[in-house]
Amino acid sequence: MKYFKIISFVILAASLVLFSCSKKDNYESSEETQVENFRKAIAKDTAFIYDADGIILEITEMGDVEYQADDVVSLIYTGVALQNNVVFAQDETISFIYGNNNLIDGWKIALPYIKKNSKGTLLITFDKAYGKERVGVIDAYSTLKFTFEAF
């Protein structure tokens, strides 16, 4: 009976490890599909596309004034967690100081490419967003998609 409990525990632990790895693999596979679908959906005639370091930024209307250090950046945005297709922000407004380190990494990477009065879409892979952590309604490993207008 003692060995049965030990063997049962080992089997349970191994199953949990395999399930955890499988879940992560499923998220990563799903993310790759989401990213590829976004790349395909980008308008072919869009002149301002940046695809690097965990983000894809499509600027559909480029403004003409670059942000400078300590400028106030204001955005109206809608955010969708693609992992479970949940809208977590709808026409939200946010203002912050350019160079602010309280943003997720994907926004920090994208901001130098965005000018005042620009409009566009930003896709951020999970590793440049919230990673393995669940934040509010955003599941772990979620790719985030933002439509935005900067002013």
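The values are calculated or read from the model by the stated rules, or taken from the named source; none is laboratory data. On a predicted model such as this, the values are computed, not experimentally measured, just so you know. Note: ideal-geometry Cβ built from the backbone for every residue, glycine included; neighbour counts use all protein chains shown.
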Inset, instruction - Give the stretch 131-149 a look and list any residue that's among the hydroxyl-bearing types (S, T, Y) and buried (at least 19 other Cβ atoms within 10 Å of the Cβ), or say none. - result: Y141, S142, T143
Legend entry - Unique match (being at pLDDT 95 or above and in contact with a helix residue (DSSP H, G or I) (Cβ under 6 Å, 6 or more places away or on another chain)) among I114, I138, I124, I109: I124
Legend entry - Check on A41, surrounded by fewer than 16 Cβ atoms within 10 Å (Cβ to Cβ), modelled with pLDDT under 75, under 19 Å from the mean Cα position of the chain (by Cα) and aliphatic (A, V, I, L, M): yes
Legend entry - K128 of a type in the set (K, R), surrounded by 14 or more Cβ atoms within 10 Å (Cβ to Cβ) and either in contact with a Ser or Thr (Cβ under 8 Å, 6 or more places away or on another chain) or closer than 24 Å to E36 by Cα (or both): yes
Inset, instruction - Considering each residue of the stretch 50-93, count those that are over 15 Å from the mean Cα position of the chain (by Cα) and under 24 Å from Y141 (Cα atoms), and give that number. - result: 3
Inset, instruction - From (1) on the phi > 0 side of the Ramachandran plot; (2) in contact (Cβ under 8 Å) with a residue 60 or more places away in the chain, pick out the condition that doesn't hold for N117. - result: (2)
Legend entry - Single condition I49 does not satisfy, out of (1) assigned to a helix (DSSP H, G or I); (2) surrounded by 15 or more Cβ atoms within 10 Å (Cβ to Cβ); (3) modelled with pLDDT under 95; (4) out of contact with any Phe, Trp or Tyr (no Cβ under 6 Å at 6 or more places or on another chain): (1)
